[in-house]
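Heads up, the thing below is written out as structure tokens.
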Amino acid sequence: MQRILTIIGARPQFIKASVVSRAIKQADGIEEIMLHTGQHFDANMSDIFFNQLGIPRPDIQLNIHSGSHGEMTGRMLAEIEKAIMEHRPDRVLVYGDTNSTLAGALAAAKLHVPVAHVEAGLRSFNMRMPEEVNRILTDQVSDLLFCPTQSALDNLNREGFREKQAKVLRVGDVMQDAALFFAKRAVIPIGLEVPEAFILCTLHRAENTDDPERLAGIVAALNQVHREVAPVVMPVHPRTKAAIERAGLAINVTTIDPVGYFEMVWLLNHCGLVLTDSGGVQKEAFFFGKACVTLRDQTEWVELVEAGANELVGADCQRIEDAVRRHVNRSVEDLHELYGGGRAARAIVDVLAGNAS
Ligand code: UD1
Ligand code: UDP
């Protein structure tokens, strides 16, 4: 029996782990131990996903969140190291590019425990993003690198991974597995009076929330779009709520608390456009046939831009409004299975179980 220690901590990791965890349960010969770092801790940022998506309750629950990046990552590193020494896994499994990802990968590597990285090879080429630092370092200490896309695989080849003692595989994107699997569970957010033909917006990246000028530009654009183009519905991330309050900005769109995944799927399915700086939501727009206007200057999901499904507009008010007018109510089609068609979790578990090369 192989023992795998899975490290999760932030909202998108719960969604990604839910599908891999289910595939692990269906496979023979793997025991999964789940560690939740505590990075996300509000009920609607954490518990709700365990309840909705059937993720096993964490065997190890740390309570580490907030503080500076260094402090958060350092505290996680120390506690995950203890958990690895106690539970002696054969492998550690990490997802994405958060501080929880890096802490898990580093703790394992220092104890010579092999690391598998789901969502390997993504790059924004912007080293000021905490996510870029986390993903590059995690890839460096991983020996199993599961790439969601061809461009992720190309990035790793360019960085010389072909010459390393590491297995680099394109398996597809586990978020597409989740979107397909849970699409039929969609539910309307409780209490939301849904306007017709609305625009779905999410915003939380530090590069936007922590830069007062960018945040003001985005909020001004959202207010303008809501008033003149179509109603904007925005589940607000706690970081963004705090930043808007701190900056004293007035946001005049339909704001709601963060929602569960089933509610999010409903919103994605019924909206006329997605406006976001999220990594995951950019792809989910595509999975649900919606165009996406991305409030960033770079994206790791370059194939969406190349396919004409996603336009990068940064944080400039006028650019955002113009792009929204161009793309609203435009549908997009996945002609080439850019993200693997929903078979990623199975492919990952086959490799973990030693049933595939
Ligand atoms: C983190 C990830 C980011 C990912 C995002 C997903 C890092 C560096 N960033 O960003 O890559 O896109 O998660 O959503 O790991 N907070 C709450 N309640 C919660 C969660 C957070 O109040 O349940 C507050 C924290 O106290 C903190 C702020 O929100 O003040 C930001 O949380 P943090 O986990 O540091 O970063 P995210 O912006 O969520
Ligand atoms: N999400 C959710 N509820 C929300 C906002 C987002 O369930 O209120 C889901 C979203 O559908 C996607 C994931 O959270 O699956 C994306 O997480 P987030 O945008 O926080 O992080 P990122 O993908 O940018 O790392």
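Bear in mind these aren't lab numbers, they're just calculated from the coordinates by the rules spelled out. Bear in mind that the values here come from a model prediction, so they are computed numbers and not experimental data. Neighbour counts run over all protein chains shown; Cβ positions are idealised from the backbone, glycine included.
Applying both filters, DSSP loop and at most 15 other Cβ atoms within 10 Å, to the GluC sites (Glu not before Pro) of region 289-357 gives E333, E337. So if we plug the beta-carbon distance of D322 and R239 into 1/(1 + (r/R0)^6) with R0 = 25 Å, what FRET efficiency do we get, rounded to 0.05? For D322 and R239, the calculated efficiency is 0.40. Helix-only estimate, please: 222 nm mean residue ellipticity of the chain, summing -39500 (n - 2.57) across DSSP H runs of length 4 or more and dividing by its residues, to the nearest 500. About -13000 deg cm²/dmol. Were the residues from Q150 through M127 laid out at 0.36 nm apart, the gain over their Cα-Cα distance would be 6.1 nm. When the GluC sites (Glu not before Pro) in region 93-138 are filtered for DSSP coil states and for at most 16 other beta-carbon atoms within 10 Å of their beta-carbon, no site remains.
Annotation for region 47-104: GluC sites (Glu not before Pro) lying in DSSP loop with at most 10 further Cβ atoms inside 10 Å of their Cβ do not exist. Among H336, H36, H112, the order by Cβ neighbours within 10 angstrom, fewest to most, reads H112, H336, H36.
Label separation (R162 vs D211): 3.5 nm, computed from points 7 Å beyond Cα along the C-beta direction. Among T138, T255, T202, the residue with the largest mean-square fluctuation in a Gaussian network model of the chain, with springs joining Cα atoms closer than 10 Å, is T255.
Please find, in a Gaussian network model of the chain (springs between Cα atoms separated by less than 10 Å), the residue of M129, M45, M76 whose mean-square fluctuation is greatest. Per the Cα network of the chain with a 10 Å cutoff, M129 tops the list.
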